[in-house]
Structures are given as structure tokens and as C-alpha cells.
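Here's the structure we're looking at; comments come further down.
The values are calculated or read from the model by the stated rules, or taken from the named source; none is laboratory data. Remember, it's a predicted structure, so these values are computed and weren't measured experimentally. Cβ atoms come from the backbone with ideal geometry, glycine included; neighbour counts cover every protein chain shown.
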Amino acid sequence: SAVISQKPSRDICQRGTSLTIQCQVDSQVTMMFWYRQQPGQSLTLIATANQGSEATYESGFVIDKFPISRPNLTFSTLTVSNMSPEDSSIYLCSGRDGAYEQYFGPGTRLTVT
Amino acid sequence: SQQGEEDPQALSIQEGENATMNCSYKTSINNLQWYRQNSGRGLVHLILIRSNEREKHSGRLRVTLDTSKKSSSLLITASRAADTASYFCATDNQDSWGKLQFGAGTQVVVTP
């Protein structure tokens with residue numbers, strides 16, 4: 001199974017600023033994803049992080065707001081841009097291995113004031 | 001958007017009892033995965049069941065899958081206080097290339 005780490009684990013940010021979240025996997029995974037979990041809610045997929053190319057975004061999420069990079073098979077970043085209080089959520093990255101199991105990082109708890 | 005629903009939304013039991021939660025989904029799947037989340041932390045992968053499997057066991061966990069009814073259940077036997085958490089099912093759909101769609105989750109509280 002893959003072990004996934006995220007940095008930072010939590011942050012408190014001011015409205016209008018941006019935060020970049022890093023995701024590191026301890027082994028190569030076929031696919032990486034970014035999810036958002038709003039307070040008291042389930043997880044919603046933001047985008048698929050594609051290695052060496054632009055991420056694939058789900059309906060309701062756009063690149064200008066959530067730019068994503070994946071320079072190699074084990075690392076990805078998600079930036080939350082021009083933040084507002086509505087962006088306060090837990091952001092989780094995940095990696096899918098060849099057996100189709102998907103493992104999640106510990107999450108980044110973001111509070112926007 | 002969420003694939004399906006879980007029930008119950010919340011479950012309160014005593015240590016030693018069994019906990020059962022159900023997950024329904026809407027489209028054809030490759031597999032279904034169950035996760036546990038403690039107090040808003042990351043998700044812990046519990047078990048994956050493929051679309052051609054009907055039942056799977058892992059320790060105190062038993063998962064069933066009925067593709068004709070588009071439903072799955074997770075049974076935790078002999079529950080412990082440490083099982084207190086939210087449990088989510090997630091489907092890997094046939095047309096979604098690995099993207100998971102999550103249910104709303106079941107919040108389980110196990111009291112000593």
C-alpha cells in the first residue's frame with residue numbers, strides 16, 4: 001500500500017491570499033487525485049493530477065482557482081487561490097495503485113478568515 | 001456529485017455489539033471501497049471489493065456487494081471504542097477512470 005504525506009497539515013489564511021498544498025507518495029502510483037471535504041460533508045473530487053500535463057477538473061472546479069501540478073509520479077501540489085471563507089475545508093490528495101486501491105493522505109485543514 | 005447514499009447516517013452501539021451500515025449506488029462499478037475517518041483526519045482504506053465479488057472479509061470486517069441491487073454493506077463485528085469514526089463507501093465507476101464517488105457517510109459511536 002502507498003503511504004501519502006501532505007504539507008501543511010493545517011493553516012489559517014486571510015481572505016484573498018493563496019495556499020499551496022504539497023502531496024508526496026512513497027511509491028509510484030498510476031493516478032493521483034485531489035479531493036475537498038467541506039465541514040461535516042463527504043468528499044468531493046476536485047481534479048485528477050496528470051503527470052507532465054494539465055490536470056483534469058471536475059464540474060464546478062476551475063484551473064484558475066485550483067491550479068495543480070504533478071511533475072513526477074510521486075509528487076503533486078494543489079494551490080487554493082484568492083481564498084474566501086467558503087474555501088475553508090479539508091483538502092486531501094490520494095494515489096491509486098495498480099490494484100485499484102486508492103490511498104489518502106492525512107489531509108490539510110484550511111481555515112480562511 | 002455523490003454517487004449514492006449510506007444508511008444509517010448515524011449509529012450508536014455498545015462495545016461488543018456488531019455495527020452494520022449500508023451503501024447504495026447508481027451506476028455500474030469496477031469496485032467499491034470502504035474507508036474510515038477519525039475526527040476529520042485522513043481516510044484509512046479498509047477494504048476493496050470488486051464487481052465480480054460478493055463477499056470479502058478482513059479481520060473483524062465483512063463486506064458484501066450485490067450488483068443487481070447496486071448496494072453494499074459493511075459489518076464490523078465485536079465493535080470496540082476505537083471503532084468510533086465516520087465510515088464512507090466510495091465507488092470506482094466503469095466510466096470514471098479511477099475517480100471515486102463517495103457516499104454521505106455513516107457516523108458510528110461505540111460506547112464502552
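What pairs come out if I take residues in the range A:99-113 that are on the phi > 0 side of the Ramachandran plot and pair them with residues that are outside any loop (DSSP other than H, G, I, E, B) whose C-beta lies under 6 Å away, six or more apart or interchain?
These pairs meet every condition: A:Y100/B:N31; A:G107/A:I90; A:G107/A:L92.
Please go through the range B:49-78 and pick out each residue that is assigned to a loop (DSSP other than H, G, I, E, B) and not hydrophobic (A, V, I, L, M, F, W, C). Outline the logic, then answer.
Step one: of the range B:49-78, the residues assigned to a loop (DSSP other than H, G, I, E, B) are B:51-54, B:59-60, B:67-70, B:77-78.
Hits for the range B:49-78 are B:S51, B:N52, B:E53, B:R54, B:G59, B:R60, B:T67, B:S68, B:K69, B:K70, B:T77.
Tell me the strands (runs of 3 or more DSSP E) entirely within the range A:1-57 that contain at least 1 residues that are within 10 Å of another protein chain (Cβ to nearest Cβ) and surrounded by 13 or more Cβ atoms within 10 Å (Cβ to Cβ). Please lay out each step first, then the result.
Values: elements: A:4-7, A:10-13, A:19-25, A:31-37, A:43-49.
It comes to A:4-7, A:31-37, A:43-49.
Could you look through the range A:99-113, keep only residues that are within 11 Å of chain B (Cβ to nearest Cβ) and assigned to a loop (DSSP other than H, G, I, E, B), and pick out the one that is farthest from B:I47 (Cα to Cα)?
Applying the first criterion (within 11 Å of chain B (Cβ to nearest Cβ)) to the range A:99-113 yields A:99-109.
Filter again for assigned to a loop (DSSP other than H, G, I, E, B), leaving A:99-101, A:105-107.
Working: A:A99: 12, A:Y100: 11, A:E101: 8, A:G105: 17, A:P106: 18, A:G107: 20 Å.
Selected residue: A:G107.
Please work out which one of (1) surrounded by fewer than 20 Cβ atoms within 10 Å (Cβ to Cβ); (2) within 10 Å of chain B (Cβ to nearest Cβ); (3) within 22 Å of B:A85 (Cα to Cα); (4) touching a strand residue (DSSP E or B) at 6+ places or on another chain (Cβ under 9 Å) is the condition A:S88 fails and give its number.
Among (1) surrounded by fewer than 20 Cβ atoms within 10 Å (Cβ to Cβ); (2) within 10 Å of chain B (Cβ to nearest Cβ); (3) within 22 Å of B:A85 (Cα to Cα); (4) touching a strand residue (DSSP E or B) at 6+ places or on another chain (Cβ under 9 Å), the lone unmet condition for A:S88 is (2).
Name, by its number, the condition in (1) in a loop (DSSP other than H, G, I, E, B); (2) within 12 Å of chain B (Cβ to nearest Cβ) that does not hold for A:S94.
(1) is the only condition that A:S94 fails.
Which one is nearest to the other protein chains (Cβ to nearest Cβ), of the residues in the range B:10-37 that are under 17 Å from B:A90 (Cβ atoms) and in a loop (DSSP other than H, G, I, E, B)? Write out each step before concluding.
Taking the range B:10-37 first, the residues under 17 Å from B:A90 (Cβ atoms) are B:21-37.
The next check asks that each one be in a loop (DSSP other than H, G, I, E, B); those that pass are B:25-28.
Values: B:Y25: 13, B:K26: 15, B:T27: 15, B:S28: 15 Å.
Filtering the range B:10-37 for residues that are under 17 Å from B:A90 (Cβ atoms) and in a loop (DSSP other than H, G, I, E, B), the one nearest to the other protein chains (Cβ to nearest Cβ) comes out as B:Y25.
Taking the criterion of being within 14 Å of another protein chain (Cβ to nearest Cβ) and not charged (D, E, K, R), would at least one residue in the range B:62-81 satisfy it?
Our first condition is that a residue be within 14 Å of another protein chain (Cβ to nearest Cβ); within the range B:62-81, this holds for B:63.
Cutting the leftovers down to not charged (D, E, K, R) gives us B:63.
Yes, the conditions are met somewhere in the range B:62-81.
Just one of the numbered conditions (1) in contact with a Lys or Arg (Cβ under 6 Å, 6 or more places away or on another chain); (2) over 23 Å from A:Y35 (Cα atoms) is not true of B:R62; which one?
(1)
When B:E6 is evaluated against the numbered criteria (1) assigned to a strand (DSSP E or B); (2) under 14 Å from B:N93 (Cα atoms), which criterion, by number, is the only one it fails?
(2)
Given the conditions (1) touching a Ser or Thr at 6+ places or on another chain (Cβ under 8 Å); (2) under 24 Å from A:E58 (Cβ atoms); (3) of a type in the set (K, R), and given that B:R41 satisfies all but one, which numbered condition is not satisfied?
In the conditions (1) touching a Ser or Thr at 6+ places or on another chain (Cβ under 8 Å); (2) under 24 Å from A:E58 (Cβ atoms); (3) of a type in the set (K, R), B:R41 misses (1) alone.
Taking into account only those residues within the range B:94-108 that are of a type outside the set (S, T, N, Q) and outside any loop (DSSP other than H, G, I, E, B), which is nearest to B:T20 (Cα to Cα)?
As a first pass, look at the range B:94-108 and keep what is of a type outside the set (S, T, N, Q): B:95, B:97-100, B:102-105, B:108.
Next, only the ones that are outside any loop (DSSP other than H, G, I, E, B) stay: B:100, B:102, B:108.
On the way: B:L100: 22, B:F102: 18, B:V108: 10 Å.
Out of the qualifying residues, it is B:V108.
Can you tell me which condition B:Q94 does not meet? The list is (1) under 20 Å from A:S42 (Cα atoms); (2) at pLDDT below 95; (3) more than 10 Å from chain A (Cβ to nearest Cβ), and all the others hold.
Here B:Q94 meets the rest and fails (1).
Within the range B:47-76, take every residue that is closer than 13 Å to B:F88 by Cα and free of Cβ contacts under 8 Å to residues at least 40 places away in the same chain and give me the one that is surrounded by the fewest Cβ atoms within 10 Å (Cβ to Cβ).
The qualifying residue surrounded by the fewest Cβ atoms within 10 Å (Cβ to Cβ) is B:I47.
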